[in-house]
């Protein structure tokens, strides 16, 4: 189970290990398969900010929110400027989460959306390890009418290559915010939101994003409709399932009424080859 700061999990077959930090955003701080590290951890020299390592939930918005301003219900709200001049990746990535339940291979955590989100609500993060698989599930429940997104931001150790299945992306405007215009993925590194083939019909059996880290083949699947690929850093690649594109909470919000909830899942499958 780990010490007072982290919760250590192990799959029943003993191949997969993970550590969760409830104090710092309910994030995975470690993920390894047969001894091969798969995530950038806090000890990496580039991990100088909570946004830059591990795998953390993004709630109640993902990616950038333009100029750190939320407009909803005829009112405008200031959000934290976490990627100047924008807000980025939600309000829970550096918050303390409460442990609801835990055993040797799973944990469930919960937190509210914090003082920087203008609406009442809470979110539950369920993490479980199985034979060769990590399963994550987020459920956000609104305490009052509000726009909402959910997603995850894993910082993978640099893979042999980026997932080639991501082909169609949303062109970014001059502010770095994804537009609705679809373009073909260019050659070279990207920091962009992808759609197309991965359109919410993912399942255990199909629609996998695949790549390799050292001798481990990974397959990623989710019922999220969008993926952000950030492979510009030399030390890491981020492949982020999101329930919508950046700035969706302003441009085309998914609105939960008080008492309603949204749930999304994300799975990582691993095979040593």
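Laid out as a table, the results:
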read-out	value
Segment 229-273 residues near the modelled residue 179 label - backbone nitrogen below 17 Å, point 7 Å along Cα→Cβ	245-248, 251-252
Selected from 52, 74, 14 as most flexible by GNM, with the chain as the system and alpha-carbon contacts under 10 Å	74
GNM top mover of 184, 157, 249 - the chain, alpha-carbon springs below 10 Å	184
Length released on extending from residue 96 to residue 69, taking residue separation times 0.36 nm less the Cα-Cα span	7.3 nm
Cα gyration tensor shape of segment 225-273, rounded if a/c is under 1.5, else prolate or oblate by comparing a/b with b/c	oblate
Exposure proxy order (Cβ contacts within 10 Å, fewest to most) of 210, 91	210, 91
Length gained when the stretch residue 187-residue 48 is fully extended (0.36 nm per residue, less Cα-Cα span)	47.1 nm
Cα-based Kirkwood hydrodynamic radius, segment 112-151, one decimal, Å	11.7
Within a Gaussian network of the chain (alpha carbon springs, distance under 10 Å), most fluctuating of 11, 71, 133	71
Spin-label model distance (nm) - residue 145 vs residue 34, 7 Å beyond Cα toward Cβ	5.4
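Every number here is computed from the coordinates shown, using simple stated rules; none is lab data. It should be emphasised that the depicted structure is a prediction, and the values quoted were computed from it without experimental measurement. Counting neighbours? That spans all protein chains shown, and the Cβs are built from the backbone with ideal geometry, glycine included.
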